[in-house]
Amino acid sequence: MSAFEADLLTDGGQTAESVSAALVAFIAAATRTIDVAIYDFHAREGSSAHVADALEAAAARGVAVRVAFNVGRPRHPAAPRPMAASPEDIDGLEVPTRGVHDVSSLMHHKYVVRDGAAVWTGSTNWTDDAFSREENAVIRVESPSIAADYTHDFDQLWTHGRIEPSGGAGMVTTLAGDVTVHPFFSPKGPSLAHLLADRLGAARRRIRILSPVVTSGAILGTLAEFTGRASFDVAGAYDATQMEEVMSAWRSVPANHWKIGAWQAIAPRLSGKRSTPYAEGAVHDYMHAKSLVADDEVLTGSFNCSRNGESNAENVLHVTAEPVAERFAAFADAVATRYAAPPRSGGPSDA
C-alpha cells in the first residue's frame, strides 16, 4: 500500500463483497493491535459479517483488538440516518467492546487503527448497503504519526465511554509524493464546520462539495457567497430526500429562515440524489460521501456539513496534494452528473 489511498464508492459501482474483502484484508494484516471506532456495523449478517469474523480471528491469534461503537440514537432532520445494525450485535463480538454515548450526540466514526502504523477511515459504515448502494469514501493511510493521532482519539473514547471528552487536532504529516495530511477530531478541538468554511473561503479556482446535508451556518453562508458568483466553478451533490426534511424543519424555526434563502441560492449549483426515505428495513441508498475540494485541498471523513454534527465524535482529514484533489474533484463531478436534474423539455411553458 502506498502512503495514501482512496477508494471512492458509488451506488451500484462495486459489490458489498469486494469492499468487505478489502476491509478484511486490512484487518488480517495486523500483527499486534487493532482499534475500531464504528458507527453502524452489521456484525452478524451480509458481507459485513466477514469483518466481524476477521476481528475475532485476529483476537484468536493474539492481536489485541478493541471495538468502540455507538449506542445512542438521536434523531433530527440534519442528523445522520439512524443505525441499521443492532448495537447488541456489535457488543456480542468475541473481542473487547465498549459502547460510547452522550446525550444528543453520536459516536459517528468509521475508522480502524492497525499496529499503530496504518489507518482505515472515511465515510463508509460497515453494512452491505453502505458498501454497495451509497456514495462513500474509504481512505487508507500508512503513517505512524497519523495512526498515533487516531489512537489518541480512540483511547479517549475507550477510557471514558463518552463522546464529550474526545477529539482535538492531530499533527501535520507529509507523506510520500508530497501529500500533506492533517487529522481533526470532534467534538473537542477546532470547529470542523469552521475549518471547512475557512478552506472554502480561501478557494480561488474551484469548489467541489459532497455532503448528505448542509446545515452549518458557517458553511452555508460561505458557500452561498461563491454560488452567487455565476462565473465561479462550483459543483457537487447532496441527498435531496434528507435536505427536504431539513428545509421543512427550518420553516418551523424563524431563526433558521435565513438558511432557507442561503440553500435556495446554493442548491441550483449542485445535484440532489433522490434517495429512499428512511424506514426500518428500507434500503439505505443515501448520497453519503462527505468531501470538500477547495483548489488543491481536500477535506474528507465522517463529518456531514451540519451544525449538530460538531457535537458528535467525527474525524476529518485535511489533505493538500494536487493529484488527490483532482481525483476527489472528478468523483464529485461524476456524482453531480449522475444526479443532475433532467433538462426541461421545450414547449410553450418554457418560452
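The values are calculated or read from the model by the stated rules, or taken from the named source; none is laboratory data. Predicted model only: the values in this text are computed from it and were never measured. Here Cβ is always computed from backbone atoms with ideal geometry, including for glycine, and neighbour counts include all displayed protein chains.
Residues are listed down the side, and each one gets a yes or a no for (1) surrounded by fewer than 24 Cβ atoms within 10 Å (Cβ to Cβ); (2) among the basic types (Lys, Arg); (3) assigned to a loop (DSSP other than H, G, I, E, B); (4) in contact with a Gly (Cβ under 8 Å, 6 or more places away or on another chain):
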position	(1), (2), (3), (4)
Arg204	yes, yes, yes, no
Ile209	no, no, no, yes
Ala230	yes, no, yes, no
Ala235	yes, no, no, no
Glu244	yes, no, no, no
Ala249	yes, no, no, no
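Taken over segment 136-149, residues that are part of a strand (DSSP E or B) and within 18 Å of the chain's Cα centre (by Cα) amount to 6.
Of the residues that make up segment 202-214, is at least one in contact with a Lys or Arg (Cβ under 7 Å, 6 or more places away or on another chain) and in contact (Cβ under 8 Å) with a residue 60 or more places away in the chain? Yes; the residues of segment 202-214 include at least one that is in contact with a Lys or Arg (Cβ under 7 Å, 6 or more places away or on another chain) and in contact (Cβ under 8 Å) with a residue 60 or more places away in the chain.
Note on segment 157-186: residues that are crowded, with 21+ Cβ neighbours inside 10 Å and part of a helix (DSSP H, G or I) amount to 1.
Considering Asp91, Asp40, which residue is loosely packed, with under 15 Cβ neighbours inside 10 Å, within 25 Å of Val283 (Cα to Cα), touching a Lys or Arg at 6+ places or on another chain (Cβ under 9 Å) and of a type outside the set (Gly, Ala, Ser)? First the steps, then the outcome.
Values: Asp40 fails: loosely packed, with under 15 Cβ neighbours inside 10 Å.
Being loosely packed, with under 15 Cβ neighbours inside 10 Å, within 25 Å of Val283 (Cα to Cα), touching a Lys or Arg at 6+ places or on another chain (Cβ under 9 Å) and of a type outside the set (Gly, Ala, Ser) holds for just one of Asp91, Asp40, which is Asp91.
Given the structure, is Gly189 touching a Lys or Arg at 6+ places or on another chain (Cβ under 8 Å) and either modelled with pLDDT of 95 or more or surrounded by fewer than 24 Cβ atoms within 10 Å (Cβ to Cβ) (or both)? Let's see the steps before the verdict.
Values: touching a Lys or Arg at 6+ places or on another chain (Cβ under 8 Å): no; either modelled with pLDDT of 95 or more or surrounded by fewer than 24 Cβ atoms within 10 Å (Cβ to Cβ) (or both): yes.
No, not satisfied.
Is it the case that segment 49-59 has a residue that's of a type outside the set (Gly, Ala, Ser) and more than 23 Å from the chain's Cα centre (by Cα)?
Yes, because at least one residue in segment 49-59 is of a type outside the set (Gly, Ala, Ser) and more than 23 Å from the chain's Cα centre (by Cα).
The residues on offer are Ala282, Ala262, Ala255, Ala336, and the sole one that is under 30 Å from Ala68 (Cβ atoms), hydrophobic (A, V, I, L, M, F, W, C) and surrounded by fewer than 24 Cβ atoms within 10 Å (Cβ to Cβ) is Ala282.
Scanning segment 112-135 for residues that are part of a strand (DSSP E or B) and under 18 Å from Ala25 (Cβ atoms) returns Val112, Val113, Arg114, Ala118, Val119, Trp120, Thr121, Gly122, Trp126.
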